[in-house]
Amino acid sequence: MKVLLVEDEILIALDLEAMLVRLGHTVCGIAATANNAITLADRHRPDVVVMDIQLANGSVGTDAAREILDKHGIRCIFASGNLDRKIRHSLTNLQPIDFLHKPVRFASLEIALSKVRRAQQ
């Protein structure tokens, strides 16, 4: 699967990239801002986006997720250190595939990606 990774903390991004590659997926790009995420999604048309909610330069992952969903129908797996019920509920209109709590565990990422495969069938 082609995965776009949107994460503004480089060490977290590199860790997630390593896990994705270990799971047999291709990371088609890593973005730190909402604008960069949209540009990379336009260019690479990933199968899924792993999206942090708070990004660099004050940008917000949900803005990028909305545009990527509207333009390409690509859904996200949201990752955040704070995914309480209220935040999850506020994201329902973005049709999230799954939610990952940071720090992301390998097994949780693997389960989320299996949900992407089921959604594509």
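The values are calculated or read from the model by the stated rules, or taken from the named source; none is laboratory data. Bear in mind that the values here come from a model prediction, so they are computed numbers and not experimental data. Counting neighbours? That spans all protein chains shown, and the Cβs are built from the backbone with ideal geometry, glycine included.
Report, ordered by the first and then the second residue, all pairs with beta carbons closer than 7 Å, sequence separation of six or more or different chains, a first member in region 101-118 that is of a type in the set (Gly, Ala, Ser), and a second member that is part of a loop (DSSP other than H, G, I, E, B). Cβ pairs passing all conditions: 112/97. Screening the candidates 32, 41, 107 for the property of being within 21 Å of residue 11 (Cβ to Cβ), touching a helix residue (DSSP H, G or I) at 6+ places or on another chain (Cβ under 7 Å) and among the small types (Gly, Ala, Ser) yields one hit, 32. The helices (runs of 4 or more DSSP H) located wholly in region 44-121 that include 3 or more residues which are of a type in the set (Asp, Glu) occupy 61-72. The criterion of being aliphatic (A, V, I, L, M), in contact (Cβ under 8 Å) with a residue 12 or more places away in the chain and surrounded by fewer than 18 Cβ atoms within 10 Å (Cβ to Cβ) does not hold for residue 77. Of the candidates 60, 48, 27, the single residue that is touching a residue at least 60 places away in the same chain (Cβ under 8 Å) and in contact with a helix residue (DSSP H, G or I) (Cβ under 8 Å, 6 or more places away or on another chain) is 48. Residues to consider are 18, 41; find the one that is surrounded by 19 or more Cβ atoms within 10 Å (Cβ to Cβ) and of a type in the set (A, V, I, L, M). Just a single option satisfies the conditions, and that option is 41. Do we find a residue being surrounded by fewer than 20 Cβ atoms within 10 Å (Cβ to Cβ) and either acidic (Asp, Glu) or modelled with pLDDT of 95 or more (or both) anywhere in region 48-61? No; the residues of region 48-61 include none that is surrounded by fewer than 20 Cβ atoms within 10 Å (Cβ to Cβ) and either acidic (Asp, Glu) or modelled with pLDDT of 95 or more (or both). Residues of region 28-51 that are of a type in the set (Lys, Arg) and under 19 Å from residue 97 (Cβ atoms): 45 alone.
The sole residue among 109, 91 that is within 20 Å of residue 4 (Cα to Cα), of a type outside the set (Asp, Glu) and at pLDDT below 95 is 91.
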